[in-house]
Amino acid sequence: AVAYDIVKANRPFLSILIFLFSTDLVILSNIPLLRLVLGFAFFTIIPGLLILLILKLNKLDLAETIILSVGLSILFLMFAGLLINFLYPLFGYDTPLSINSLVLSFSVIILLLTFIASLRYQTSPFAELSNSKLDIREKAFLIIPAFFLPFSILGMHLMNTTGNNVMLMALLFLIPLYVVFVALEHNQIPVRDYPLIIFMSSISLVLLKGLRSNHIIGIDTHSEFYLFQQTFYNEHWQILLKNTLDSCLSVSILPTVYQSFLNIDPEYLFKILYPLIFSISPLIVYIISKKYISNFYAFLASFFFMSQTTFLWTAANPRTTVAILFFSLSIMVLFLRGLDESVKRSLFIIFTISCIVSHYSTTYIFFLILSITWLAMQILHRVRSSQMRATLFNDSLSYSSKSHLADLKDARPLLKHSMTSGIVILFFVVLFLWYNQITEAAFDSGVYFIAATMRSLQDFFILESRSANVADAFGYELGVKSYPQKITFVLSWLTIAFTAIGVLTTLARHRYRITFTGGGEEHTSSIISQKFDAEFFVLALICSAVLVIAVALPFVSKGYGMDRTYLQMMVVLSPFFVIGGINVARFFHIRQRYLVVLAVLIPYIICSTGMMYQVFGNFQEITLNSEGMSYDTVFVHDQESCSAKWIKYYVNSEAKMYVDYFGGLWLSSQGMIPFSIYDPSFIEDKTAIGDVYIFLRYVNVVNKKLLQSGPKWNNLTDYEHLFVDRSKIYDNCGSQVWK
């Protein structure tokens, strides 16, 4: 009986052990489908779940548990891989990231975590999961969202194979329509359905770019993929490229660990892994938002976040989105209910460190926000203390009022805040050690960025000194642009206006909407469920200021993409977009206030996904068309991949390989050829070159266009005189090599 009780009490941990041994077995036996499913499910959830159990965080709701489990598992894979990478060579083992090493090492570590977790609990910590079963009514509202992911996968397969985009267009209309349905019936929608609807929509949208074509998609992804491939084949992480990418474990160790466990086509791993991971980010926005606004309006805030163009292009921004994910998790745990202050700060620290090793630019912005928020909270604390002291000695107050204020003064802290000087200092120390002492290039890049920004101040009033995105945002040449571009311009500014109104009206009504004691004060409004923590609102103000700075300072938008900064800030600012829309509705005395939010949100989603352009006959969205600027710029064809591999095997590695703009990226990812030459004298000046090889990709051969920096297209016919004395040594009807 005692043995039975012990087994019953530890049944969840025995299940984890069975799961572990089953996963190890299919990995080592290389059973393809099972290896993919079990490997991904186990290593993406279980390590983080065990860490949560060790921290005794078993009182979180299901969505919070899954999100934190995924976040902790991702950082576990990166840091455990890094530890193995540094430790094993000390004992003479030079391939620490080989499959046998990783399977054995991770199994031992997870066994240890399981043992520690079992000691922390005498009864099952999973008892609450029995309450997660949905009733018939809850399932009914999920029938339509259940079709989103199949439509996404099958629709993109149809698009890739036949060019038919009907199913994708149906999906991109269906998702906004369902948001409208939820809004109209929000009083009937079960609260537990919101996270599921958000996740089903999120994963369906974010996978679209990743599933497009048979190869990786994007610009920077080619260099990131090259780094991952080198790490995987060397079975060892090292400073390889001598540039900023070396500091990003998110595109070196993380995909290497996953590839060792899953053994799928490396390009598909790279295309699908990051969208799958980042698909939980709208859920994080939902959890952050629903602390302060009602569940329905938090639902709208999450959809506003996933309607951002950078979110939809996750597959093209691997390291950035992983870092933004850790930034989001850091903010979430900082303001999550039910966490002890010590646990909250511990989770915040490990997520910030994970952000540091994921992407340098996102980290620098994070550190700027963190530092200024901490400083602002110190100033605010002193101001509040001075006001309290002045009030205590006000002779006009009654004795009872003075006594009450004295009690408040003695209740420490007067102004609750979780960001401490110790956290800020630790953040900088880790940042400095990783970027300057270990990987080096990222810190030099940060110093250069600051210096270049200071030098660019002389061009403050020149619009051309900023990136093209900023110029477009201010309506540069708007008069000659298409109707979809004009509509997108108007909607983009409306979203910014709503967000600004939300922040400013909250500031104006701070007495009623912001709490300075951290007591979780309820709000009487049906829209705002709880007063904003002062620290969260200060954070929102700083995020707003960062967006203004990114636009105002000339070099900032060029040195780091405005769209990526915007997505990072929307983690905090998304609920204020909803609040701003509600305040606009209140101003115009519109009774159903959510209708004003929908009036901007739904068209904005339609514009972001490219449907607006499609409706107007402007076929430029890469997920829906096989033409347009995006398609010509970032789509990799099978012929180009074959050509790059041919060059790798049959052309001397020391030979000079000339390419058009971006052509070298294709060679680096498809042929593992890191060094190619973009020569402005050849592409831009059309002057003769010597005895070199020339790589022509699909758009050069089929569309007869060469891309130069700018980017700007040139007609290939203008270069015919440069090919007269050359020989075509490779041609597969989609790519060529000339000598």
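The values are calculated or read from the model by the stated rules, or taken from the named source; none is laboratory data. All values derive from a computational prediction rather than experimental measurement. Backbone-built Cβ (ideal geometry, glycine too); neighbour counts: all protein chains shown. Surface accessibility is based on the protein's heavy atoms, side chains included, excluding ligands, DNA and RNA. Shrake-Rupley method; radii C 1.70, N 1.55, O 1.52, S 1.80 Å.
Can you give me the angle between helix 295-306 and the longest principal axis of the chain, using Cα atoms only, in degrees from 0 to 90, rounded to the nearest 10? Compared with the principal axis, the helix lies near 20 degrees.
Only helical runs count toward this figure. For the chain, summing -39,500 (n - 2.57) over DSSP H runs of n ≥ 4 and dividing by all residues gives -20000 deg cm²/dmol at 222 nm. Considering only 568, 580, 233, and ranking their Cα positions along the charge dipole of the chain that arises from unit charges at the beta-carbon of Lys, Arg, Asp and Glu, the one farthest toward the positive end is 580.
Computed from Cα positions, the angle between helix 483-508 and the longest principal axis of the chain comes to roughly 30 degrees.
I'd like to compare 11-20, 190-199, 664-673: which one has the highest average count of other Cβ atoms within 10 Å, and what's the full order after that?
Working: 11-20: 15.7, 190-199: 20.1, 664-673: 23.0.
For the peptides 11-20, 190-199, 664-673, the packing ranking is 664-673, 190-199, 11-20.
The relative contact order of the chain, computed from alpha carbon pairs under 8 Å that lie at least 6 residues apart in sequence, is 13 percent.
In the context of the full protein assembly, residue 372 retains an accessible surface of approximately 70 Å², using a probe radius of 1.4 Å and ignoring ligands and nucleic acids.
Report, in debye and to the nearest 20, how large the dipole of the chain comes out about its Cα centre when Lys and Arg carry +1 and Asp and Glu carry -1 on their Cβ.
On the way: 51 positive and 47 negative charges, 416 e Å.
For this selection, approximately 2000 debye.
Rounded to the nearest 10 degrees, the inclination of helix 32-54 to the longest alpha-carbon principal axis of the chain is 30 degrees.
Close amide H partners of residue 515, meaning residues 5 or more places away or on another chain with modelled amide H under 5 Å apart, are 532, 533, 534.
Distance between the pseudo-spin-label points of residue 238 and residue 372 (7 Å out from Cα toward the beta carbon): 4.1 nm.
Ordering 417, 435, 614 by Cα displacement along the dipole of the chain toward the positive end leaves 417 in first place; charges were set at the Cβ atoms of Lys, Arg (+1) and Asp, Glu (-1).
Between the amide H of residue 705 and those of 700, 716, distances stay under 5 Å, these residues lying 5 or more places away or on another chain, with hydrogens modeled in the peptide plane. Got a sec? Charge dipole of the chain, +1 on Cβ for Lys and Arg, -1 for Asp and Glu; which of 352, 134, 318 is way out at the positive end? Selected residue: 134. In this simple spin-label model, placing a label point 7 Å from the Cα along the Cα-to-Cβ direction at both residue 517 and residue 497 gives a separation of 3.9 nm.
Would you mind getting me the FRET efficiency between residue 599 and residue 337? Use the beta-carbon distance for r and R0 = 22 Å, nearest 0.05. Before the final figure, lay out the partial values.
On the way: r = 32 Å, r/R0 = 1.46.
Computed FRET efficiency for residue 599 and residue 337: 0.10.
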